[in-house]
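Heads up: the structure comes next, in structure tokens.
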Amino acid sequence: MTDTDDRPDSTVPERPDGTVPAGPDPGRGAAAWAVLLPPGRYDAERLVHHDTLELTGLTGLTGDAAAGGPATTRAGASDAGATATRAGAADATAGPRPGDAVAVLTEDPLRLVALGRVARATAERREDPDDPQSDPASGAFVVAYTRRVFDEPVPADGLALDGPVTALPADAYRALVGRLGPPPARRSWLVSLDLPIEAATPAEAVRLFWSYVRDLGPRELPAFVSPSGDELAMQAFVLGAEANQDPEEDD
């Protein structure tokens with residue numbers, strides 16, 4: 001597992017091959033892409049750390065970002081010149097490419113929750129995992145996170161998205177990044193999870209502990225976190241948010 005890059009700059013990053021993604025100009029692709037999380041995916045991404053975001057079942061992607069072959073790029077409608085725009089729709093080579101900048105958003109309301117770069121899918125997938133001769137499945141569209149703000153999303157009003165992946169001009173992407181501000185400083189935290197478990201042996205107790213953690217997970221088990229050296233500031237978190245665990249305070 002790697003740490004998120006948390007880069008503070010608002011530039012459109014270079015691709016791995018050293019080229020800079022061009023602006024939304026037919027035949028050249030887009031400067032960046034807006035990726036809309038499917039319903040329910042926001043909570044899952046907020047609860048557990050992932051280095052990458054993998055979306056499957058997407059249609060309408062061209063370029064070499066996702067396995068499964070070319071299609072057509074879904075583009076966004078314009079709004080006062082600062083929204084997602086149609087990019088390279090007439091060019092069969094247009095579409096997300098590895099290294100392209102990505103803004104990850106959730107809707108209702110539309111908010112920016114992460115930044116990243118398009119990455120290559122790690123392996124070919126099959127429709128039937130038990131049958132290696134089955135037809136290839138729709139490849140995953142993979143985004144490698146560079147910064148997450150799932151706990152404090154920022155408004156992304158002014159964007160008009162057309163589908164799960166939409167081309168963004170460079171100025172719209174920079175405007176979104178500018179709303180984030182500089183990343184917070186990283187520090188050390190102590191995180192603990194205490195469960196009273198009845199068992200015959202210590203080894204059995206440990207096995208039961210991991211079973212409870214696996215079955216209940218962050219949606220039901222409270223985790224306790226405090227800054228290193230300041231245990232009196234300990235807070236309990238459930239569902240990714242602070243949760244009071246003192247029943248007397250609820251009365």
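Assorted remarks:
- Surface composition of the range 149-230: carbon and sulfur make up 56 percent of the accessible area, probe 1.4 Å.
- Listed residues F209, F237 arranged by accessible area, highest first, probe 1.4 Å: F237, F209
- Theoretical gain in end-to-end length, R186 to Y212 [0.36 nm per residue, Cα-Cα removed]: 6.4 nm
- Accessible surface, 1.4 Å probe, highest first, among residues V142, V213: V213, V142
- V154 paired with A203, simple spin-label distance in nm, labels 7 Å along Cα-to-beta-carbon: 5.3
- Accessible surface ranking for L190, L216, L221, 1.4 angstrom probe, highest first: L190, L216, L221.
- Unit charges at the beta carbon, dipole of the range 136-189: most positive-side option, W189, L168, P153: W189
- Förster-model FRET efficiency, 35 Å R0, M234 and E54, C-beta, rounded to 0.05: 0.55
The values are calculated or read from the model by the stated rules, or taken from the named source; none is laboratory data. What you see is a predicted model; the values in this text were computed from it and never measured. Because the Cβ atoms are built from the backbone with ideal geometry, glycine has one as well, and the counts that use them run over all protein chains shown. Quick note on the areas: whole protein, heavy atoms, side chains included, nothing else; ligands and nucleic acids left out. Shrake-Rupley method; radii C 1.70, N 1.55, O 1.52, S 1.80 Å.
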